[in-house]
1. Only counting other Cβ atoms within 10 Å, I'd like E186, E151, E62 sorted with the fewest neighbours first.
2. Roughly how tilted is helix 216-233, in degrees to the nearest 10 and between 0 and 90, from the longest Cα axis of the chain?
3. On C-alpha positions alone, give me the angle between the axis of helix 99-111 and the longest principal axis of the chain, in degrees, nearest 10.
4. Hey, what do the phi angles of the range 117-125 turn into as Karplus ³J(HN,Hα) couplings, whole Hz, using 6.51/-1.76/1.60 and θ = phi - 60°, x for Gly and Pro?
5. Give the Debye-formula value of log10 I(q)/I(0) at each listed q (0.19, 0.21, 0.25, 0.27 Å⁻¹), with one equal scatterer per alpha carbon of the range 189-233, two decimals each.
6. Going by the alpha-carbon gyration tensor, a ≥ b ≥ c the square roots of its eigenvalues, is the range 50-120 rounded (a/c under 1.5) or, if a/c is not under 1.5, prolate (a/b greater than b/c) versus oblate?
7. Rounded, prolate or oblate, given the Cα gyration tensor of the range 1-85, with a/c below 1.5 counting as rounded?
8. Which ³J(HN,Hα) values, rounded to whole Hz and listed in residue order, are derived for the range 149-157 from phi using the Karplus coefficients 6.51, -1.76 and 1.60 in 6.51 cos²θ - 1.76 cosθ + 1.60 with θ = phi - 60°, glycine and proline given as x?
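FYI, it's all coordinate maths here, none of it is from the lab. Computed from a predicted model, the values in this text were never measured in an experiment. Here Cβ is always computed from backbone atoms with ideal geometry, including for glycine, and neighbour counts include all displayed protein chains.
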Amino acid sequence: MNVNHLSDRLAAVASFVKQDARMADIGSDHAYLPTHLASSGKIKFAIAGEVVDGPFQAAKQEIERQDLSHMIEARLGNGLAVVQEADQIDTVTICGMGGALIVDILTAGLADNKLATHPRLILQANVAEEKVREWLNHNSYAIIDETIIEENDKFYEIIVADYTEAVLETWNQDDLMFGRFIKEKEPVVFARKWQAALDRANYVLGQLEKAQDPNPAKIRLYQELKQAIEAQLA
């Protein structure tokens, strides 16, 4: 992967960025996403945010190598702390992290007024996507689109949300876990992901039931998970 050829995962993320966006890419991974978008003329300005010095230096070097320092700034800081009011950010991308960490970043950013411009949020959690959907649903962000990518035997869900002042319908547990758009948009990949999850759940459930000291609460949890997945795959 490089600035000229994004991974399928990041290419899908890029497709949801609006023309002429001013974006903050949090956890920027060599700044591949913002440099690609800047090189292709899709964005006007970007921040490549990193919390650790090594990745920050890598992002800075990539931006300089692509001669894009006039459009992209690498900034060292924790999450959305790298965003300033003067940046007028209208798009935030956070990709390649766990859902709980993404929620922590958004929660801290909201408390610090870093989301005051109500940017579009394009989020790709490696796990615990339901935590991301729940945060959005409870914080006036309407999920307007989702997709799923299969790449190198891994599955990546991408969630796109825009701020709204309307009262949002509360999503139920199935909506939070499986999303409302993915099954219809990408039925084959959706089925592969959740069949694999069902196989894992069946294996774990079998091990729990054979244990010398069974844990009823954990068994019940996996039984409920199994039933929920089977209902989606039916």
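1. E151, E186, E62
2. 70 degrees
3. 50 degrees
4. Per-residue couplings from phi come out as 7, 6, x, 5, 10, 10, 10, 10, 8 Hz.
5. -0.55, -0.64, -0.82, -0.90
6. Taking the square roots of the gyration eigenvalues as a ≥ b ≥ c, the range 50-120 is oblate.
7. It is rounded, given that a/c, with a ≥ b ≥ c, falls under 1.5.
8. Rounded to whole hertz, the list is 10, 10, 8, 6, 6, 10, 10, 10, 9.
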